[in-house]
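First up is the structure itself, then whatever we jot down about it.
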Amino acid sequence: MATFVLVHGSWHDGTAWQPTIQHLEGKGHKACAPTITGHGKGVQKSVNHPQCTKSIVDYIVNNSLADIVLLGHSFGGTIISKVAETVPERIRRLVFLNAFVLQDGHSLNDEVPKSYVDLFDQIAQASADNTVMLPFTIWREVFINDADLKLAQFAYSQLSPEPYQPFGQKLDLKKFYSLDIPKSYINATEDVALPQGEWGWHPRMSNRLGLFRLVQMPGSHEVMFTTPAGLANKIIEAGRD
């Protein structure tokens with residue numbers, strides 16, 4: 001049985017994974033979901049990307065975790081790429097769930113449409129602490145498009161403003177691209193958080209991994225809320241030997 005460490009994306013915290021963890025544990029696996037520093041409600045948001053990465057490295061090391069399947073969702077893909085550079089010996093496989101696989105030297109904002117960057121810049125500048133809250137209309141239409149309105153509203157209530165500084169930080173990923181850790185990419189086929197086609201997750205992001213296992217499932221960008229049991233099955237498929 002595997003040990004899964006699930007790393008959330010922007011606006012989320014580790015609690016978003018609880019239904020998925022229950023299904024993974026129900027099948028005999030171990031799973032945990034640390035919250036990236038600066039994320040969640042009521043916390044200090046002035047963090048940079050290295051601090052975000054270090055918080056996950058520290059969680060893995062302090063809990064003596066080894067031989068793990070490390071999964072990152074969305075922004076979490078940028079975190080697990082840097083975590084893998086730091087503790088590759090502890091990682092059995094990397095799994096990217098509709099996640100960013102940045103080009104070396106790029107930032108997250110380099111990899112999204114200009115309309116998003118312009119909107120996020122405006123929201124961050126208007127905030128008191130350089131954070132961005134995703135507008136509900138965007139959340140409803142392109143992030144959680146496979147949910148009914150009640151679930152979309154409940155899931156949105158779990159979100160919190162995102163530290164904006166990490167979005168603009170360019171990452172040196174030369175070491176990541178030199179690692180021989182096995183990799184998988186889970187693609188939810190109705191995910192339009194990035195517009196499908198030129199900007200889409202797969203194959204644009206996934207193909208950057210080189211040799212990788214592709215696992216696909218129906219669903220939106222927020223399958224941890226809408227289909228946690230199905231997601232758990234796909235995580236197991238992506239993480240197995």
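Which number comes out as Rg/Rh for the chain once both Rg and the Kirkwood Rh are worked out on C-alpha atoms?
Dividing the radius of gyration by the Kirkwood radius yields 0.92.
Would you mind checking which residues have amide H under 5 Å from Val7's amide H? H placed 1.01 Å from N; only 5 or more apart, or other chain.
Excluding prolines and chain starts, which carry no amide H, the hits are Leu71, Gly72, His73.
Between Gln18 and Lys150, what is the label-point separation in nm under the 7 Å Cα-to-beta-carbon projection?
1.9
Report the GluC sites (Glu not before Pro) located in segment 132-227 that are in a DSSP loop and have at most 12 other Cβ atoms inside 10 Å of their Cβ, or state none.
Glu198
How much length is gained on full extension from Lys41 to Asp121, taking 0.36 nm per residue of separation minus their Cα-Cα distance?
Length difference between fully extended and current span is 26.7 nm.
Using the scaling law 2.2 N^0.38 Å as the reference, what is the normalised Cα Rg of segment 113-241?
1.18
Along segment 76-90, what does the Karplus equation 6.51 cos²θ - 1.76 cosθ + 1.60 (θ = phi - 60°) give for ³J(HN,Hα), rounded to whole Hz, x for Gly and Pro?
Along segment 76-90, the couplings run x, x, 5, 6, 5, 4, 7, 4, 4, 5, 8, 10, x, 5, 9 Hz.
Under the definition of Cα pairs under 8 Å and six or more residues apart, what whole-number percent is the relative contact order of the chain?
Computed over the chain, the figure is 24 percent.
Find the relative contact order for segment 93-187 and round it to a whole percent, using C-alpha pairs within less than 8 Å whose residues are 6+ positions apart.
56
Tell me the mean residue ellipticity at 222 nm calculated for the chain from its helices only (DSSP H runs of n ≥ 4, each -39500 (n - 2.57), averaged over every residue, nearest 500).
-9500 deg cm²/dmol
If amide hydrogens are placed 1.01 Å from N in the peptide plane, which non-local residues have theirs closer than 5 Å to the one on Leu214?
Amide H neighbours of Leu214, under 5 Å, 5+ apart: Tyr185.
Using 0.36 nm per residue, how much length does the chain from Thr86 to Lys170 gain when fully extended, once their Cα-Cα distance is taken away?
Between Thr86 and Lys170, full extension yields an extra 28.5 nm.
Can you give the FRET efficiency for Glu198 and His106, using 1/(1 + (r/R0)^6), R0 = 25 Å, r = Cβ-Cβ distance, to the nearest 0.05?
Given R0 = 25 Å and the Cβ-Cβ separation, E is 0.95.
Read the figures in this text as sums done on the coordinates, not as results from a lab. Note that the structure is predicted; figures quoted are calculated from it, not measured. Neighbour counts run over all protein chains shown; Cβ positions are idealised from the backbone, glycine included.
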